[in-house]
Amino acid sequence: QVQFAESGGGLVQYVGSLRLSCAASGSISSMYVMGWYRQAPGKQRELVATITSRGSTNYPDSVKGRFTISRDNAKNTLYLQMNSLKPEDTAVYYCAADRTFSSWWSGFDPGKYDYWGQGTQVTVSS
C-alpha cells in the first residue's frame, strides 16, 4: 500500500515562490494520474494541476503560467513549483494519485483518486 506525504509548504511573501513535494512510500510508476488539489477555509477542494504517466499536464486558469507540476519516478516524488504567488493561493495543498484513468475521464473528480496525502499548508502574505 503506497502512502504519500506532502512537504514544502510554509509562509511566503506575495510574488514569492515555493516548491511542494509529495514523497511516496513506494513506486509511483504505476500511478497513471497524479495531481495537486487545494482547499482554502470555507471553500471546496479545487484542482490545481494534474500530470499523467506520459507527462500530459492540466492546469486551471487560476494557476496557469505560474504553477508547474512534475514527477520524478526514480525518486517516487511528485512536485509542484509555484511562482508569482498571490494571497488567494493560500490553502492546504494535497497530492493525489490514481492508479487508473478514472480521475482523468471523470474530469478530475476528487472521489476518483485512490490515494491522498495529508496536506501541507501554504500561506501567502499580501
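Worth a mention:
- Number of residues in the range 73-102 that are open to solvent by 50 Å² or more (accessible area, probe 1.4 Å) and either within 12 Å of the chain's Cα centre (by Cα) or among the aromatic types (Phe, Trp, Tyr) (or both) equals 2.
- Taking the listed residues 107, 55, 111, 119, the one that is farther than 18 Å from residue 32 by Cβ and among the small types (Gly, Ala, Ser) is 119, with no other qualifying.
- Checked against the criteria, residue 28 counts as under 21 Å from residue 118 (Cα atoms), open to solvent by less than 20 Å² (accessible area, probe 1.4 Å) and out of contact with any strand residue (DSSP E or B) (no Cβ under 6 Å at 6 or more places or on another chain).
- Filtering the range 45-58 to residues that are surrounded by 14 or more Cβ atoms within 10 Å (Cβ to Cβ) and of a type in the set (Lys, Arg) leaves only 45.
- Selection within the range 11-25 - loosely packed, with under 13 Cβ neighbours inside 10 Å and in contact (Cβ under 8 Å) with a residue 60 or more places away in the chain: 11, 13, 14, 15, 17
Yes/no matrix, rows are residues, columns are (1) part of a strand (DSSP E or B); (2) crowded, with 17+ Cβ neighbours inside 10 Å:
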position: 38; (1), (2): yes, yes
position: 43; (1), (2): no, no
position: 62; (1), (2): no, no
position: 71; (1), (2): yes, yes
position: 104; (1), (2): no, yes
position: 123; (1), (2): yes, no
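- Pair list, Cβ under 6 Å, 6 or more apart: the range 89-116 residue at negative phi and in contact (Cβ under 8 Å) with a residue 12 or more places away in the chain, other residue open to solvent by less than 40 Å² (accessible area, probe 1.4 Å) and in a helix (DSSP H, G or I): 112/103; 113/103
The values are calculated or read from the model by the stated rules, or taken from the named source; none is laboratory data. On a predicted model such as this, the values are computed, not experimentally measured, just so you know. FYI the Cβ positions are ideal-geometry reconstructions off the backbone, even for glycines, and counts take in every protein chain you see. Calculation scope for accessible area: heavy atoms of the full protein, side chains included, ligands and nucleic acids excluded. Shrake-Rupley method; radii C 1.70, N 1.55, O 1.52, S 1.80 Å.
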